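Each remark here refers to the structure printed beneath this line.
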Amino acid sequence: MPKISLIVASEKLDKLLPAATLATTAAIMGWESEMFFTFWGLLALKRGYEPKEVSSDYKVYEDSLRRAISSGAIPSWLEVLEQGKKTGKLKIYACSTTMDFLGLKVEDLVDYVDEVVGAASFLSKAKDSDITLFIS
Amino acid sequence: MKVDIVVDARYKSCPGPLLALAEAVMKASPGQIIMLLATDPAAPRDVKEWASSVGHKVLNIEKVDETYQIYLEVSR
């Protein structure tokens with residue numbers, strides 16, 4: 001089966017949603033799928049975090065995106081991610097360096113984080129991916 | 001066609017219909033027929049791609065007004 005690896009470096013709604021959509025869709029297609037959350041992307045894995053903002057260039061679309069999510073027309077990023085996790089095919093990694101400079105501990109992160117890893121470990125896991133994407 | 005499970009994913013955008021279908025398939029038994037209702041124009045092709053990737057069978061796709069009725073046989 002193919003494999004996809006995504007590096008997520010933003011905590012904004014308009015970045016998290018497409019990243020989760022691709023990672024989860026890959027997982028339900030039976031692909032191996034992995035996401036590495038680094039820099040501001042790691043903020044999205046903090047317990048209780050709920051993305052409400054889009055990137056600053058696209059503020060004009062923020063309300064309509066939020067309405068689409070609250071009406072159920074578009075699933076929330078967490079719903080999407082949780083379904084990916086249910087397949088057992090989606091792995092979520094947190095960047096160790098970012099954990100340090102943000103002062104975060106493993107217990108500050110949501111339960112579905114599989115592992116806290118450094119760059120070399122992630123690269124080693126991702127090296128045989130068919131698709132690699134950097135989302136920021 | 002005898003339908004065992006109906007999944008209503010009308011007015012949901014990608015990946016909503018596929019996620020709803022995949023969730024239903026996880027709970028279904030082999031041989032059961034699921035009818036997915038979707039209005040997202042990307043749904044028929046997405047479902048076909050997904051089904052061929054994981055080994056389920058798309059039996060038929062009909063369009064009634066703005067709604068696609070996608071019939072899937074659960075294979076495993």
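When A:Gly72 is tested against (1) surrounded by 15 or more Cβ atoms within 10 Å (Cβ to Cβ); (2) assigned to a loop (DSSP other than H, G, I, E, B), exactly one condition is not met: (1).
In region A:69-109, the residue that is farthest from the other protein chains (Cβ to nearest Cβ) out of those that are closer than 14 Å to A:Leu42 by Cβ and of a type in the set (Val, Ile, Thr) is A:Thr97.
Just checking, does region A:42-49 include any residue being in contact with a helix residue (DSSP H, G or I) (Cβ under 7 Å, 6 or more places away or on another chain), more than 14 Å from chain B (Cβ to nearest Cβ), crowded, with 21+ Cβ neighbours inside 10 Å and in contact (Cβ under 8 Å) with a residue 40 or more places away in the chain? Yes, that holds for at least one residue. Annotation note: of B:Ala38, B:Ala28, B:Ala42, B:Ala51, the sole residue that is hydrophobic (A, V, I, L, M, F, W, C), within 24 Å of A:Lys89 (Cβ to Cβ), more than 11 Å from chain A (Cβ to nearest Cβ) and out of contact with any Pro (no Cβ under 9 Å at 6 or more places or on another chain) is B:Ala28. Selection of region B:54-63 for residues being away from chain A (no Cβ under 14 Å) and either closer than 18 Å to B:Arg76 by Cβ or in contact with a Leu (Cβ under 9 Å, 6 or more places away or on another chain) (or both) yields B:Lys57, B:Val58, B:Leu59. When the test is whether a residue is under 12 Å from the mean Cα position of the chain (by Cα) and among the β-branched types (Val, Ile, Thr), B:Val47 passes it. From the list A:Leu42, A:Leu81, A:Leu6, the one residue that fits, being part of a helix (DSSP H, G or I), hydrophobic (A, V, I, L, M, F, W, C) and closer than 21 Å to B:Trp50 by Cβ, is A:Leu81.
For region A:18-29, does any single residue satisfy the condition of being within 14 Å of another protein chain (Cβ to nearest Cβ), surrounded by fewer than 18 Cβ atoms within 10 Å (Cβ to Cβ) and within 18 Å of A:Ala68 (Cβ to Cβ)? For region A:18-29, residues within 14 Å of another protein chain (Cβ to nearest Cβ), surrounded by fewer than 18 Cβ atoms within 10 Å (Cβ to Cβ) and within 18 Å of A:Ala68 (Cβ to Cβ): present.
No value in this document is a laboratory result; all are computed from the given coordinates. None of the values given here were measured: they were computed from a predicted structure. We place every Cβ from the backbone using ideal geometry, glycine too, and count neighbours over all the protein chains shown.
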